[in-house]
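> If you scroll down you'll find the structure; I have some questions about it.
The values are calculated or read from the model by the stated rules, or taken from the named source; none is laboratory data. Just so it is clear, the structure is predicted and the values come from calculations on it, not from any experiment. A quick note on method: Cβ atoms are made from the backbone with ideal geometry, for glycine too, and the neighbour counts reach across all protein chains shown. For the accessible areas, the whole protein counts, side chains as well, though only heavy atoms, and no ligand, DNA or RNA atoms are used. Shrake-Rupley method; radii C 1.70, N 1.55, O 1.52, S 1.80 Å.
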Amino acid sequence: MERKNVWKEYDAQALDRLEAFARDYRAFLDNGKTERECTAICCAEAEKRGFLNLDKCVAENRQLKPGDKLYCNWMDKVFLLFVIGEKPMEQGMNILGAHIDSPRIDVKQNPLYEDADLAYLDTHYYGGIKKYQWVAQPLAVHGVIVKKDGSRVNVVIGEDADDPVFCISDLLPHLAQDQMKRDASKLIEGEELNLIVGGRPVADCDKDAVKQGVLNILQEKYGVEEEDFLSAELEIVPAGKARDMGLDRSMILAYGHDDRVCAYPSMRAVMDLEGIPERTACCVLTDKEEIGSVGATGMDSMFFENIVAEVYALTATYSELGLRRALKNSRMLSSDVSAGFDPNFAAAFEKKNAAYLGRGICFNKYTGARGKSSSSDANAEYVAEVRRIMDDAGVAFQTAELGRVDLGGGGTIAFTCAKYGMNVIDAGVAVLSMHAPYEVISKADLYEAYKGYLAFLQA
């Protein structure tokens, strides 16, 4: 039952393919630190590879045939791909579903203020983070500012070598006796995550001269004023590029592995499909998973069902029953990460049922918390089918659950898709330091995930 370390199985050619894929993935991470940036990258790549824009196909009422390739951009935060299969959509699709939002810190709507001759942005963290991990390190600001006239200003500050970076300060240890007595969850409070953005006062300004200096820069460089923060989405993320990790370069250290380490190979698997698949292949990269898959761009909304309906209507005479059958007869890999076994914190895991770096793609039959709460819990027949697909394709895989029973837990988009009656199982990559500013994955697991997703689409 113990799974082998897949590194021992690779020959020179496989290692070359693995490294090439890892380089492409690192570039995706470097340029896609927000869900909007990831969507833009995916759309550009889809256009380059000849995928048709679904909105244009709908407007033209273009009838689709097997082999046609489509992409869809939903609200600039969700990306979908389809390759129409030989079988009617009513017989089901093979779906890969991942998310492209990651834990981070968001800028509030009324954020800019001055205190003690320093200018700050007030923030609200997004998703489950250990707040103390985000202080005293270089941070960048990514996002969009939408002005009242509807024009959009894209913002990326802190990534180029000549860019300034930002920081959330921490208390020096000499004065931290009281702070160090706090519970770890309150070592840094949410309202203490204030981003320092300026420290030089402008001349001839009697009040908030440092804040005014920041506003002057924003006006000069981006043409925005303070009120434009009201309609801005600005995300604070770690500054810097993804890096190879370890003397053997076997791992990648980066921000956002959860869940872009599954989103990127899912997207690539659909784009790299050769020929016409038997069943329609679909990839959906969604938003808001880290806060419960809520909102118009979260998987719990109707966007997925609505977009599938549009595609279905271009392949056959539309009927509501046909759409229901297409969703019910589909099978899905909920492409999401798993907690990698960490010997430093071995007590948090049950070793026989843990995910290990270097042992391939990881299947979680169930996630959830305590008594499997908020888990879809895949049925045994589907698990057997997935095992067969992976073995037939020579894909290294392992199975795991998310930590020791009753210790905690977590969820994915699996249960929100299982509501259609389709078979769903979580399938992703083991991650160390999940939800930290910098997470760790094995290149081997990344590559095996890509192979596994490709095999699933072709099955």
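> Given the conditions (1) touching a Pro at 6+ places or on another chain (Cβ under 9 Å); (2) under 30 Å from THR123 (Cα atoms); (3) of a type in the set (Asp, Glu), and given that ASP101 satisfies all but one, which numbered condition is not satisfied?
Failing condition for ASP101: (1).
> Something else now. Please state which one of ILE307, ILE276, ILE291 is out of contact with any Lys or Arg (no Cβ under 8 Å at 6 or more places or on another chain) and over 25 Å from ARG260 (Cα atoms).
Details: ILE307 fails: over 25 Å from ARG260 (Cα atoms); ILE291 fails: over 25 Å from ARG260 (Cα atoms).
Sole residue among the options that is out of contact with any Lys or Arg (no Cβ under 8 Å at 6 or more places or on another chain) and over 25 Å from ARG260 (Cα atoms): ILE276.
> Would you pick out the residues in the stretch 275-304 that are open to solvent by less than 30 Å² (accessible area, probe 1.4 Å), more than 22 Å from ARG331 (Cβ to Cβ) and β-branched (Val, Ile, Thr)?
Answer for the stretch 275-304, where residues must be open to solvent by less than 30 Å² (accessible area, probe 1.4 Å), more than 22 Å from ARG331 (Cβ to Cβ) and β-branched (Val, Ile, Thr): just THR297.
> Count, please, the residues in the stretch 98-133 that happen to be in a strand (DSSP E or B) and open to solvent by 40 Å² or more (accessible area, probe 1.4 Å).
Total meeting the criteria: 9.
> Take GLU220 and decide whether it is in contact (Cβ under 8 Å) with a residue 24 or more places away in the chain and open to solvent by 60 Å² or more (accessible area, probe 1.4 Å). Reasoning before the result, please.
Numbers: in contact (Cβ under 8 Å) with a residue 24 or more places away in the chain: no; open to solvent by 60 Å² or more (accessible area, probe 1.4 Å): yes.
In short, no.
> Same structure, new question: Checking the conditions here, which among ASP204, ASP248 is open to solvent by 60 Å² or more (accessible area, probe 1.4 Å), of a type outside the set (Val, Ile, Thr) and modelled with pLDDT under 95? Full working, then the answer.
Values: ASP248 fails: modelled with pLDDT under 95.
ASP204 is the lone residue from the list that is open to solvent by 60 Å² or more (accessible area, probe 1.4 Å), of a type outside the set (Val, Ile, Thr) and modelled with pLDDT under 95.
> Determine which single condition PHE349 fails, assuming it passes every other condition in (1) in contact with a Phe, Trp or Tyr (Cβ under 6 Å, 6 or more places away or on another chain); (2) buried (at least 23 other Cβ atoms within 10 Å of the Cβ).
Failing condition for PHE349: (2).
> Among the numbered criteria (1) touching a helix residue (DSSP H, G or I) at 6+ places or on another chain (Cβ under 6 Å); (2) closer than 30 Å to GLY128 by Cβ; (3) of a type outside the set (Phe, Trp, Tyr); (4) open to solvent by less than 30 Å² (accessible area, probe 1.4 Å), which single criterion is violated by ASN73?
(4)
> Within the stretch 397-409, can you find the residues that are among the acidic types (Asp, Glu) and open to solvent by less than 50 Å² (accessible area, probe 1.4 Å)?
At the first step, the residues of the stretch 397-409 found to be among the acidic types (Asp, Glu) are 401, 406.
Matches in the stretch 397-409: GLU401 only.
> Let me ask something else. What residue, of THR412, THR416, is within 16 Å of CYS362 (Cβ to Cβ), buried (at least 21 other Cβ atoms within 10 Å of the Cβ), in contact (Cβ under 8 Å) with a residue 24 or more places away in the chain and hydroxyl-bearing (Ser, Thr, Tyr)?
Values: THR416 fails: within 16 Å of CYS362 (Cβ to Cβ).
Result: THR412 is the single residue among THR412, THR416 that is within 16 Å of CYS362 (Cβ to Cβ), buried (at least 21 other Cβ atoms within 10 Å of the Cβ), in contact (Cβ under 8 Å) with a residue 24 or more places away in the chain and hydroxyl-bearing (Ser, Thr, Tyr).
> Of everything in the stretch 7-32, what is in contact (Cβ under 8 Å) with a residue 24 or more places away in the chain, more than 22 Å from ARG152 (Cα to Cα) and outside any helix (DSSP H, G or I)? Give them in sequence order.
TYR10
> How do the pairs read when you match residues in the stretch 354-372 that are touching a residue at least 40 places away in the same chain (Cβ under 8 Å) and on the phi > 0 side of the Ramachandran plot with residues anywhere that are part of a strand (DSSP E or B) and among the polar types (S, T, N, Q), using Cβ under 9 Å and keeping only pairs 6 or more apart or on different chains?
Close Cβ pairs (under 9 Å, with a partner that is part of a strand (DSSP E or B) and among the polar types (S, T, N, Q)) amount to GLY358/SER442; GLY360/GLN398.
> If ALA136 meets every condition in (1) assigned to a loop (DSSP other than H, G, I, E, B); (2) closer than 19 Å to TYR438 by Cα; (3) open to solvent by 40 Å² or more (accessible area, probe 1.4 Å); (4) in contact (Cβ under 8 Å) with a residue 60 or more places away in the chain apart from one, which number is that one?
The one condition ALA136 does not meet is (4).
> For the stretch 33-52, state whether one or more residues are among the hydrophobic types (A, V, I, L, M, F, W, C) and not in a helix (DSSP H, G or I). Outline the logic, then answer.
Within the stretch 33-52, the first condition is being among the hydrophobic types (A, V, I, L, M, F, W, C), and the residues that meet it are 38, 40-44, 46, 51-52.
When the remaining residues are screened for being not in a helix (DSSP H, G or I), the result is 51-52.
Within the stretch 33-52 (the criterion being among the hydrophobic types (A, V, I, L, M, F, W, C) and not in a helix (DSSP H, G or I)), the answer is yes, since at least one residue qualifies.
> Residue by residue through the stretch 290-334, note down the ones that are free of Cβ contacts under 8 Å to residues at least 12 places away in the same chain and among the β-branched types (Val, Ile, Thr).
Result: VAL294, THR317.
> Among the residues that make up the stretch 230-253, is at least one of them touching a Ser or Thr at 6+ places or on another chain (Cβ under 8 Å), touching a residue at least 40 places away in the same chain (Cβ under 8 Å) and hydroxyl-bearing (Ser, Thr, Tyr)?
yes
> For the stretch 372-422, give me the residue count where each residue is more than 25 Å from LEU357 (Cβ to Cβ) and among the aliphatic types (A, V, I, L, M).
Selection size over the stretch 372-422: 4.
> Of VAL210, VAL144, VAL197, which residue is buried (at least 16 other Cβ atoms within 10 Å of the Cβ), among the hydrophobic types (A, V, I, L, M, F, W, C), outside any strand (DSSP E or B) and at negative phi?
On the way: VAL144 fails: outside any strand (DSSP E or B); VAL197 fails: outside any strand (DSSP E or B).
The conditions single out VAL210.
> If you take the residues in the stretch 224-245 that are part of a loop (DSSP other than H, G, I, E, B) and out of contact with any Lys or Arg (no Cβ under 8 Å at 6 or more places or on another chain), which one is most open to solvent (accessible area, probe 1.4 Å)? Walk me through how you get there before you give the answer.
So in the stretch 224-245, the residues part of a loop (DSSP other than H, G, I, E, B) come out as 224-225, 239-242.
Next cut, out of contact with any Lys or Arg (no Cβ under 8 Å at 6 or more places or on another chain) only: 225, 239-240.
Numbers: GLU225: 103, ALA239: 15, GLY240: 32 Å².
By that ranking, first place goes to GLU225.
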